[in-house]
Structure formats: structure tokens, C-alpha cells
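Reading through the C-alpha cells given below for one structure.
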Amino acid sequence: MAGRRAMGAVAVAACVAAGAAVIMGQQDEARARAEAIHAKALTLDSHVDIAMRAGDYGVLTPGQKCDLVKMRQGGLKGVFLAAYVGQRQAFDGAAYKAAFDAAMRQLDFLHALTERQHPDLCAFAASPDEVERIAATGKRAIMTGLENGYPIGEDLATLRAFFDRGVRYVTLTHSGHNQIGDSSSDRTPPRHNGLSPFGERVVAEMNRLGIMVDVSHAAASTFWDVIRVSTAPVIASHSGCKAVHDVDRNLDDDQLRALAKNGGVIQIVALGSYLRADSPERAEALRTARAQLGFARAGEPGAAPGAEPQTPEQQAEAQKRRDAYFVRMGAIDEQFPAATLKDFVDHLDHAVKVAGIDHVGIGTDFDGGGGIPGFNSHAEALNVTEALVRRGYAEADILKIWGGNLMRVWREVQGEAARRQAPDAR
């Protein structure tokens, strides 16, 4: 009897081992297929905050989610490093000038990175053709957008100045209403109930210049005005799906369908709070961190008027506090994880189902709060491709998600600009 039991145990163990081997083989096969697809893809991230604190993007920087080393490790071929300027409550010439100068310093940083610091590792791209040419050399393509249209002020000539410095999309609003339009995150009464009259002129000028209009952070009223006014496809450079997680920054299904009809693209964000509801413990930890470091939101204890520092020294001090906040966020993420790679791909799935495969991409918001277990830096970009393979996505569809759709929109925006600037269009 004992002998038969032993033989039975051996047989069971053998079956378990065989089953494990099959599973391991399937995992290896999925990973190998993902690696092959990833190598072919023009892998682009449409939204990362410029980390000027890094000083040197060419070295591996702990705590930073995007640098040239991590991009190479993860096979990420290009990234929009967005110049971010916070929203002030002042709407006058001096405030606009301070915001413009702050944005230009960040753009100067990018040009120094690509032209002087590491021209052997990366190059600046101002068009889809340039992105493809740079990627073919093995260098990383660096593009740029402007997150928050506030630095434009009330002068369209300023928009031209940003275009001349390489800005190829403008996120019209951020966390507060501005002179262009209303924000999805501002809890105060609307300023314009959508785009302002000046905002409509901004959208038209962006169409004329060939700058992509970005509706991430825009109020629904602003979104619908943009869809009405823009003659070129628009983007949401870093947003999620409201039907999966109902927060203000995400787009609802009607917006997704309208974006698809417009020819645009939603770039799914990898910021946990917009992928899945925070636990009460995580929400409280984040509120405490914001209050202690001076980033309390409107309506929270310790909230302050939205005044950005105006001098370079004050900007540097604000950046130190922002860095400290992201360090705290990292610790909170460890203790109370916000979301997972599965949640991220759930949003991708939903956007594909509603808007269609031609209208979905990836915009992480790394170094601006983005990052989840499994996709916490560009070094882990291959994990996204593998997750898509496991969900049954075809190679052609994965190539569209990773960069094909965004490049198509960018080219169509360029085409609209060429049409508007043609002599017979005047």
C-alpha cells in the first residue's frame, strides 16, 4: 500500500511538473513574440514631464522614470518631454511673461540635451519624418509639447514662438481654468463654459501652424468646443477612460467616439489614480503629503492660491518641493499600490472597443506622477507589449498603439497646416 501511495505521489508530481513546463513554455513563447513585435514598433510615449533636476539624462537616474538609459533598456524609441508650467490665478502681462520664461527655460534644457550634452544618444525631432529618421539610427527621438497653455498669454505671436522652439502639441489647460478654456479639475465656477473666444483663436492658430491640440485636463465643455472648432485631428496626450474609472481627467464614451470621428487619438495614461480608485488609506496618505509639501488641492486643508513662483530661484525651490512630493508618492505607491499593469491595459482595451484600434496610444505621465507596478519606468516598456500579446492583440494593432496612431495624427495635423498655409488658401 505504501509503495502504491508513493508511486501515486510521484505520478502526481510528474503531472504537476509537466503542467508547469507547459505554462512556462507558453510564457516564454508570449515573451518571445512580444520581443519581436517590440523591436519592430516605433515605440513612442506622448507625455513625460521634463525632469530638469536630472541634470544629465544620459546616465541611469534612480527615482526618475525616464532617462536615455531606461529608454534604451525598454526599447522606447521616442518621447515627448513636455514643458510644464503650473496654473496661476493671475492673468496679466507680468504673470504671463513669468510663465513664458519658465517654459522657455525647459525648452532650452531639451535643446541643450540633444545638441550639446548627448547628441550621440538622442536628437530633437520636430516632425514625424524626423522621428523615423532618428529612430533608424538607434538614437532616441526627443519631441516636446507644452503642458498648460497659460504661458501663451493673450498673444498668438507667443504660440508661434513656442512652435519655433519645437513645441508640437499644447495641452490647453491644466488643473485650473485659464485664459484659453476651462479645466476638468478646477472646482471653482467655470470661467468660459468651454473655450474662451481667445481659446477658439488659439485652436485655429494651432491648426494653421501644425501644432496638435491636446484636450487632456480639459473640461468636457472645453473638449466639445475643441471638437467643434478644430479642423485637424486632436489628441488627449495622457488620459484614461471614464467608464473604467470615473475621475474628472478621463474621457467618457461619447468623448471617445467623438475623438475617433474627429480622427484623433487618446493616449492612455499610466497614472494609478486615474486607472483605479484609491483605497481610503492611499487617498489619506496622498492628502497628507500634498498638505505637508504645499500641494493641497482646492477644497483640501492647507490649499493655497495657485500662484507659481516668478523668479528662477523660486522656481528651483518649487521644483525641490515637487521632487520631494514624488519621493513621497513613491513610498506611498509601495505601501498602498494604486493600480497595476492589468488596470492600464483594461483602459487600453476599453478605448479600443469604443474608439477603435486606430485611435488609441500610450502617454505615461512619467515624472509627473505616472508609473505603476510592471510599468514604472521606460525600462519596463516591453511588459506592455507582452500584456497586449497575452490579450490577443495582433502585431499590426500593437504597432498602431505604440506609435503608429500618434504619427498618423501628427502627419494629418501637418497636412492641415500645409493646406491652410498654401497660397490658394489665403
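The values are calculated or read from the model by the stated rules, or taken from the named source; none is laboratory data. Just so it is clear, the structure is predicted and the values come from calculations on it, not from any experiment. Reconstructed Cβ throughout: ideal geometry from the backbone, glycine too, with neighbour counts over all protein chains shown.
Residue by residue through region 218-254, note down the ones that are assigned to a strand (DSSP E or B) and closer than 15 Å to Val202 by Cβ. Write out each step before concluding.
Keep residues of region 218-254 that are assigned to a strand (DSSP E or B), which gives 218, 235-239, 241, 251.
Across region 218-254, the qualifying residue is only Ala218.
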Discussion item. Residue pairs, Cβ under 6 Å, 6 or more apart or interchain, first in region 182-200 and more than 14 Å from Trp224 (Cα to Cα), second of a type in the set (A, V, I, L, M) and surrounded by fewer than 20 Cβ atoms within 10 Å (Cβ to Cβ). List them.
Written reply: Arg187/Ala298
Discussion item. I need the full set of residues from region 377-402 which are assigned to a loop (DSSP other than H, G, I, E, B) and either surrounded by fewer than 20 Cβ atoms within 10 Å (Cβ to Cβ) or among the charged types (D, E, K, R) (or both), in order please.
Written reply: Arg391, Gly392, Ala394
Worksheet item: What are the residues in region 84-99 that are buried (at least 16 other Cβ atoms within 10 Å of the Cβ), among the hydrophobic types (A, V, I, L, M, F, W, C) and not in a loop (DSSP other than H, G, I, E, B), if any?
Response: Ala95, Ala98, Ala99
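Looking at this structure, is Val327 assigned to a helix (DSSP H, G or I) and out of contact with any Pro (no Cβ under 8 Å at 6 or more places or on another chain)?
On the way: assigned to a helix (DSSP H, G or I): yes; out of contact with any Pro (no Cβ under 8 Å at 6 or more places or on another chain): yes.
When the stated conditions are applied, Val327 passes them.
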Fill in: Where a residue in region 393-419 is touching a residue at least 60 places away in the same chain (Cβ under 8 Å) and closer than 19 Å to Ala236 by Cα and its partner, wherever it lies, is in a helix (DSSP H, G or I) and of a type in the set (Ser, Thr, Tyr), with Cβ under 7 Å and at least six apart
Ile398/Thr385
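Would you point out which residue out of Asp365, Asp358 is of a type in the set (D, E, K, R), surrounded by fewer than 22 Cβ atoms within 10 Å (Cβ to Cβ) and closer than 20 Å to Thr43 by Cβ? Write out each step before concluding.
Numbers: Asp365 fails: surrounded by fewer than 22 Cβ atoms within 10 Å (Cβ to Cβ).
The conditions single out Asp358.
Quick grid of which residues meet (1) modelled with pLDDT under 75; (2) not hydrophobic (A, V, I, L, M, F, W, C):
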| residue | (1), (2) |
| --- | --- |
| Gly306 | yes, yes |
| Gln310 | yes, yes |
| Arg321 | no, yes |
| Val327 | no, no |
| Pro337 | yes, yes |
| Asp346 | no, yes |
| Ala351 | no, no |
| Asp358 | no, yes |
Worksheet item: surrounded by fewer than 21 Cβ atoms within 10 Å (Cβ to Cβ) and either at pLDDT 95 or above or under 30 Å from Ala51 (Cα atoms) (or both): does that describe Arg408?
Response: yes
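Would you mention how many residues in region 52-66 are of a type outside the set (Val, Ile, Thr), surrounded by fewer than 23 Cβ atoms within 10 Å (Cβ to Cβ) and either touching an Asp or Glu at 6+ places or on another chain (Cβ under 9 Å) or on the phi > 0 side of the Ramachandran plot (or both)?
As a first pass, look at region 52-66 and keep what is of a type outside the set (Val, Ile, Thr): 52-58, 60, 62-66.
Imposing the further condition that a residue be surrounded by fewer than 23 Cβ atoms within 10 Å (Cβ to Cβ) reduces the set to 52-56, 58, 60, 62-64.
Going one step further and asking which of them are either touching an Asp or Glu at 6+ places or on another chain (Cβ under 9 Å) or on the phi > 0 side of the Ramachandran plot (or both), we end up with 53-56, 58, 60, 63-64.
Of the residues in that region, 8 qualify.
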Item to complete: Out of Arg201, Arg191, report the one residue that is at pLDDT 95 or above, assigned to a loop (DSSP other than H, G, I, E, B) and not β-branched (Val, Ile, Thr).
Response: Arg191
Response to the item:
A careful count of residues in region 402-426 that are under 15 Å from Ala204 (Cα atoms), among the charged types (D, E, K, R) and touching a strand residue (DSSP E or B) at 6+ places or on another chain (Cβ under 9 Å) gives 0
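In region 110-136, which residue that is free of Cβ contacts under 8 Å to residues at least 12 places away in the same chain and over 22 Å from the mean Cα position of the chain (by Cα) is surrounded by the fewest Cβ atoms within 10 Å (Cβ to Cβ)? Before the answer, list the steps.
Going through region 110-136, the residues free of Cβ contacts under 8 Å to residues at least 12 places away in the same chain turn out to be 112, 115-116, 119, 129-130, 133, 136.
Narrowing further to those that are over 22 Å from the mean Cα position of the chain (by Cα): 112, 115-116, 119, 133, 136.
Working: Ala112: 11, Glu115: 12, Arg116: 8, Pro119: 12, Arg133: 14, Ala136: 10.
Applying the filter and picking the extreme gives Arg116.
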